[in-house]
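Shown next, in structure tokens, is the structure this report addresses.
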């Protein structure tokens, strides 16, 4: 059973904060095109929402951090 190892890194190759390496197993035998397509579709449905959530969280943290830098302090 094939596995996919997924790691989110920044442009310098550093692991993104609050992320860990994820390993996904492709279900089924993956012997035919239909089996491969089904396994990849299940992987996408399982993994991509987590990836998207991580990236959105990182973007939000950067946005909030930039907003705090721009605000003048009395």
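Checking residue 31 against (1) part of a loop (DSSP other than H, G, I, E, B); (2) on the phi < 0 side of the Ramachandran plot; (3) surrounded by 10 or more Cβ atoms within 10 Å (Cβ to Cβ), which test does it fail?
(3)
Pick from the range 19-41 the residues that are free of Cβ contacts under 8 Å to residues at least 24 places away in the same chain and within 15 Å of the chain's Cα centre (by Cα): which of them is nearest to residue 2 (Cα to Cα)?
Selected residue: 24.
Restricting to the range 2-19, and then to whatever is part of a loop (DSSP other than H, G, I, E, B) and surrounded by 10 or more Cβ atoms within 10 Å (Cβ to Cβ), can you tell me which residue is modelled with the lowest pLDDT?
Selected residue: 18.
The values are calculated or read from the model by the stated rules, or taken from the named source; none is laboratory data. Just so you know, these numbers come straight off a predicted model, no measurement behind them. No Cβ is skipped: glycine too gets one built from the backbone with ideal geometry, and neighbour counts run over all protein chains shown.
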